[in-house]
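Since the structure comes first, as structure tokens, the remarks are kept for the end.
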Amino acid sequence: MGERVRTAGYLAGALAARTGDEAAGPALLLLGVAATGSAAPGAALLAALTAAAAVGGPVVGALLDRAARPGRTIAVGLLGYAAGMAVAGAALGRVPTPFVLGAALVAGLAVPALSGGWTAQLPHVVPPARVARVATLDAMTFGAAGLVGPALTGLMATAAGAPAAVALAAALVALAACAALTLPAAPPRPTDSVADPEGPARRAAAATGARGFAREVGDGVRAVVAVPALLRVTVVSAVAIAGTGAMVVAAPLVGARVLGGAENGAFLLAGSAACALVANLVCARWPPRARPEAVVLACVAAQAAGMAAAATGGLDAVLIGTAVAGAAEGPLLTAVFAVRHRDAPPRLRAQVFTTGASAKIGALAAVTAAAGPLADRSPFLCLALAAALHVAAALLHVLLGGHRTRPHTAGRTTAA
């Protein structure tokens, strides 16, 4: 299979999986209202999906790092996610709610596979010289999914009802499983002195049994903590996505206050996502010459400035501020990917990516829950919270930047 075909299949599968994931949230919320007359069941389903995704990352990453054919493992996870969504969608309002929530919890465990787990396979798909460019396109699939997924949900729900919207989301995720099966095999796993300091005896013990698997999961988490550059981008991106979550919560009420209707808040978010896509297109054509760490800092600072401007409440300030924050979101994700591809220990690459995804999902869920009451009080206070979180992300980037890791040092093996 040619490199272009592999790259196209990789990106198409990533887009399908992430679009289905982005469609799932609003579809489940609409289904809750349609099936029960209340938003609470749909919100509970979404919370169950999010909670499971937040804790599932290290385990999913360990399974992928162990797999000789990680694409097959990803495909199984995606099919499980699609099946869980389908079961939850069919059962809501017909069977006891705990059963439905259980299905959502099981489905949510696989979510890190379609985000960090998928991205971790990129070095197996393209040669090293093309990883940075294709990683930019990979990051763009998140922005495109954020635009297309909710729009597809709205169109399908309008045309055929909320259950059909859930079915569409599940079908997109299941379709991505076909692309996952074409992902190449993983190369032989190297050893790594940072994540595995106890040598051959420890690695032999880790190769078998539940205790060995648990130890390997711990190795992945320790790898993130042990490599300063990985720790920094994991913490900074988690805090930054929490700020973005506060903006998302505020959007409907900002739309009602400034744009003439709560529904216009969705267009505000769509515009922000479009700016992220455009910024990544520019970066793909003219890659930044700065180190990715510098790009991360510049992006979170730009997001802080954009949210601070939007928090002033004027129409122009809201439009420009959210556009600036969105434009910074795309290159931020690309730069985070660049650091992880560069410094993740090859033996634990998938765990580094999925652990980072879990950290971001957990931070997003926590802030989304806390921001709701604040947005009810004032959506502009919620935007101020978003600005404060991005300022905190920038400060953490500086505080955690005392020790620099040279490119590729973390991934060298003891044999080298």
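Read-outs: derived from the displayed coordinates by stated rules, not from any lab. Everything numeric in this text was worked out from a predicted model, so none of it was measured. So basically every Cβ, Gly included, is an ideal-geometry build from the backbone, and we count neighbours across all protein chains shown.
For this structure, a couple of remarks:
- With at most 15 other Cβ atoms within 10 Å, longest stretch of the chain clear of loop GluC sites (Glu not before Pro) (DSSP): 1-197
- Length added when fully stretched, Leu281-Ser378, from 0.36 nm per residue minus Cα-Cα: 31.4 nm
- Magnitude of the charge dipole for the chain, about its Cα centre and with charges confined to Cβ atoms of Lys, Arg (+1) and Asp, Glu (-1), is about 1140 debye.
- Within the chain, helix-based [θ] at 222 nm, where runs of 4 or more DSSP H residues each add -39,500 (n - 2.57), nearest 500: -27500 deg cm²/dmol
- Cβ crowding within 10 Å averaged over residues, with 389-398, 58-67, 114-123 ranked highest first: 114-123, 58-67, 389-398
- Once C-alpha pairs closer than 8 Å and six or more residues apart are averaged by separation and normalised to the residue number of region 1-185, the relative contact order reads 44 percent.
- Spatial separation of Cα centroids for region 50-117 and region 330-405, in angstrom: 22
- Highest average first, the peptides 374-380, 317-323 ordered by how many other beta carbon atoms sit within 10 Å of their residues are 317-323, 374-380.
- Distance between the 7 Å Cα→Cβ label points at Thr36 and Ala171: 2.7 nm.
- Over region 255-321, relative contact order from alpha-carbon pairs under 8 Å, at least 6 apart, %: 24
- Segment Ala226-Leu400, length gained on full extension (0.36 nm per residue, minus Cα span): 61.4 nm
- The chain: most fluctuating residue of Met307, Met156, Met85 per GNM, C-alpha cutoff 10 Å: Met156
- FRET efficiency, Arg4 to Ala159 (Cβ-Cβ, R0 35 Å, nearest 0.05): 0.50
- Selection from Leu374, Ala392, His341 lying farthest towards where the dipole of the chain points positive, charges on Cβ: His341
- Measuring nothing but how far apart in sequence close Cα pairs (under 8 Å, 6+ apart) lie, relative to its length, the chain scores a relative contact order of 25 percent.
- Highest-fluctuation residue, Ala176, Ala186, Ala214 considered, GNM on the chain with Cα pairs under 10 Å: Ala214
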